[in-house]
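Trainee: First the structure, which I've put down as structure tokens, then a few questions once you've had a look.
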Amino acid sequence: PPHPKRRAIPPSPMLRKTIELKEKPVQAIAYVSALGVYEIAFNKQSPDHRVLAPEWTDYNKRVQYQVFDVSNLLDAGTNVIGAQLADGWYTGMLGPVRWSPYFPKRGAYGINRRLFFQMEVEYANGEKETIVSDDSWKIYNDGPLRLADNFMGETYDANKEVNGWQQANFDDSRWENVAIDKDVKINLVPQVNQPIEVVETLISKSVSETKEGHYIFDVGENIAGWCKIQLEGEPGDLIVLQHGEMLQEDGELYTENLGMAVQIDSVILGATGKLEYEPRFTYHGFRFVEVKGLRSQPDKNILEAKVVASDQLRTGLFSCSNPMLNQLYKNINRSHVSNMHGVPTDCPQRDERCGWMGDAYIFAQTSIFNRDMAAFYNKWIIDIMDAQSERGTFPDIAP
């Protein structure tokens, strides 16, 4: 049930824009950002593999934008730009719960999710045109993504899916016109750190039934990310995935350490009763996933885990003759990857996940041994400076 102090999270808005190009452009560069997090596609194709953009900054000081070369995704004639928005770190609930003025409230920096878009198109004869996020875009606010929050998880209703909404012949006459917010005064800066991406996929090691209809999948390692699951049932079935790091002595999922971060993804099956589901606007810290609502004993292969992190190049390795030391080093690297999501966090699971200054100070040299952290820390140092008070003092966390 929702916390009495929480504002309800509305469904993720779907945004649509059709453009007419007189010929295939020789170059098309798109600049995109959001208040919240966004997903964007050009003729149904994603421009790259990043997720959870534009990532966490102090939105009162600066917001990162991303640059995409979409030249190969556009054609002569009608093209469709499709986008979706969710709360992310801008509107979503933030920790740490013990003293945060935000959590468990929604709207840490603001309530209204916004998209920024600007695309520069150049033709073979040198002619140029610009497409921007103006009032010609259309919006639909009753789509399938019913709820999305980093701590709470995601709720997806396949019955609300809008078929063909990113195709040129889609009739959007019943969609509303977007609202243009001229009051947003944001310092837009280019993203200098590596994007957050799916960096690894883990196959389930086992699945066991703890009590009737409750199946626990073990993906083998404690990670940060989400699951991709193949579902089959009856129309209207509710499938619930709850994520946790450990099992209790009786084999049930242990969630007490999560606090108010419920880490639950819920899926409602549509008319076909079949669905391949993978979240896009949340992430969890977990090794075990309890799945409820399946109609029969599942095969372990219906679920795989996606490791989600800032994609840093591995630069340092360690190996020795002692298996325990090697396992310790592997654990250190897993913890490292689990706590890089635009900022160096303290944990990826409970109601916290903040850029603690002390934690990063202790781990900085180890992290630099393991990976190329230059761009990541350059970005975070700006977060630290943004958090500095007028007196010159620094807070415990940044942003």
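Trainee: For the chain, what does the relative contact order come out to in percent, with C-alpha contacts under 8 Å and a separation of six or more?
Mentor: 18 percent
Trainee: Quick one: putting +1 on the C-beta of Lys and Arg, -1 on the C-beta of Asp and Glu, what dipole do you get for the chain around its Cα centre, in Debye to the nearest 20?
Mentor: 600 debye
Trainee: Here is a further query. Using the Karplus curve 6.51 cos²θ - 1.76 cosθ + 1.60 with θ = phi - 60°, what ³J(HN,Hα) values do you get for each residue of region 288-296, in whole Hz, with x for Gly and Pro?
Mentor: Rounded to whole hertz, the list is 10, 10, 8, 10, 10, x, 6, 8, 8.
Trainee: If you wrap a convex hull around the Cα atoms of region 255-399, how much volume per residue is inside, in Å³?
Mentor: Given the Cα convex hull of region 255-399, per-residue volume reads 178 Å³.
Trainee: Using the alpha carbons of the chain, what is the convex hull volume per residue in cubic angstrom, as a whole number?
Mentor: 168 Å³
Trainee: Then there is this: Tell me, what ³J(HN,Hα) does each residue in region 137-145 have, in order and in whole Hz, if you take phi through Karplus 6.51 cos²θ - 1.76 cosθ + 1.60 with θ = phi - 60° and put x for Gly and Pro?
Mentor: Going residue by residue, I get 6, 10, 9, 10, 10, 10, x, x, 7 Hz, with x marking Gly and Pro.
Trainee: Where nothing but the Cβ of Lys and Arg (+1) and of Asp and Glu (-1) is charged, how large is the charge dipole of region 266-377 around its Cα centre, in debye to the nearest 20?
Mentor: 280 debye
Trainee: With every protein chain kept in the model, how would you rank F151, F318 by accessible area, 1.4 Å probe, largest at the top?
Mentor: F318, F151
Trainee: Let me ask something else about it. Here is the link list: K24/K379; K17/K182; K24/K44. Which ones come out longer than 24 Å on Cα distance?
Mentor: As for pairs spanning more than 24 Å Cα to Cα, those are K24/K379.
Trainee: Dipole magnitude of region 175-221 about its Cα centre, charges +1 at Lys/Arg Cβ and -1 at Asp/Glu Cβ only, in debye to the nearest 20?
Mentor: 180 debye
Trainee: Just how much of E276 is accessible, in Å², when a 1.4 Å probe is used and the result is rounded to the nearest 10?
Mentor: Probe radius 1.4 Å; accessible area of E276 about 110 Å².
Trainee: Sticking with this structure for a sec: Which whole-number percent gives the relative contact order of region 310-399, counting Cα pairs below 8 Å spaced six or more residues apart?
Mentor: Normalised by residue count, the contact order of region 310-399 is 30 percent.
Trainee: Rank these residues by their accessible area, most exposed first, probe 1.4 Å: H214, H49.
Mentor: I get H49, H214, largest accessible area first.
Trainee: Say R0 is 30 Å: what FRET efficiency, to the nearest 0.05, do I180 and T272 get from their beta-carbon distance?
Mentor: Rounded to the nearest 0.05, the efficiency is 0.20.
Trainee: What figure, in Å² to the nearest 10, do you get for the accessible area of S133 with a 1.4 Å probe and non-protein molecules left out?
Mentor: My reading of the accessible area for S133 is about 40 Å².
Trainee: While we're here: Which value, in Å² and to the nearest 10, is the accessible area of K22 when all protein chains are kept and the probe is 1.4 Å?
Mentor: 120 Å²
Trainee: D for region 269-329, whole µm²/s, Stokes-Einstein with Kirkwood Rh over alpha-carbon pairs at 4 °C and 1.567 mPa s: what number?
Mentor: 80 µm²/s
Trainee: Here is a further query. Once you place label points 7 Å from the Cα toward the Cβ at A124 and E200, how far apart are they in nm?
Mentor: Going by the 7 Å Cα→Cβ label model, 4.7 nm.
Trainee: Probe radius 1.4 Å, ligands and nucleic acids left out: which of D157, D372 has the largest accessible area, and how do the rest follow?
Mentor: Largest to smallest exposure gives the sequence D372, D157.
Trainee: While we're on this one: Identify, among Y377, A309, P395, the residue whose Cα sits farthest towards the positive end of the charge dipole of region 271-399, taking +1 on the Cβ of Lys and Arg and -1 on the Cβ of Asp and Glu, with the dipole about the Cα centre.
Mentor: Comparing the listed Cα positions along the dipole, A309 ranks first.
Trainee: In addition: Going toward the positive end of the dipole of the chain, with +1 on Lys and Arg Cβ and -1 on Asp and Glu Cβ, which of P279, Y59, I368 do you reach last?
Mentor: Y59
Trainee: Tell me, what HN-Hα J-couplings in whole Hz come from the Karplus equation 6.51 cos²θ - 1.76 cosθ + 1.60 at θ = phi - 60° for each residue of region 18-29, using x for Gly and Pro?
Mentor: Those phi angles translate into 9, 10, 10, 10, 6, 7, 5, x, 7, 8, 9, 10 Hz.
Trainee: For region 164-301, what size does the Cα cloud have along each of its three principal axes, sorted from largest down, in whole Å?
Mentor: That gives 56, 40, 27 Å along the principal axes, largest extent first.
Trainee: Taking the mean number of other Cβ atoms within 10 Å as a proxy for protection, how do you rank 346-353, 197-204, 166-173 from highest to lowest?
Mentor: Highest-to-lowest ranking by the protection proxy: 346-353, 197-204, 166-173.
Trainee: Once Rh for region 170-246 is found with the Kirkwood sum over Cα pairs, what is the Stokes-Einstein diffusion coefficient at 20 °C and 1.002 mPa s, in µm²/s?
Mentor: The diffusion coefficient I find is 117 µm²/s.
Trainee: Right, next: Over the alpha-carbon set of region 315-377, divide Rg by the Kirkwood Rh and report the Rg/Rh ratio to two decimals.
Mentor: 0.99
Trainee: Below 16 Å, Cα to Cα, which aspartates and glutamates can K205 reach? Residues fewer than 8 away in the same chain don't count.
Mentor: D218, E221, E245, E290, D299, E304
Trainee: Considering the dipole of region 186-263 built from charges on the beta carbon (Lys and Arg +1, Asp and Glu -1) around the Cα centre, which of P190, C227, L258 is farthest to its positive end?
Mentor: Positive-most Cα among the choices belongs to P190.
Trainee: A follow-up question, please. If packing is taken as the average count of other Cβ atoms within 10 Å, what order do 220-226, 251-257, 183-189 fall into, highest mean first?
Mentor: Result, highest mean first: 220-226, 251-257, 183-189.
The values are calculated or read from the model by the stated rules, or taken from the named source; none is laboratory data. Since this is a predicted model, take the numbers as computed values, not measurements. Backbone-built Cβ (ideal geometry, glycine too); neighbour counts: all protein chains shown. Ligands, DNA and RNA are stripped out before the accessible areas are found, and what is left, the full protein with its side chains, is counted by its heavy atoms. Shrake-Rupley method; radii C 1.70, N 1.55, O 1.52, S 1.80 Å.
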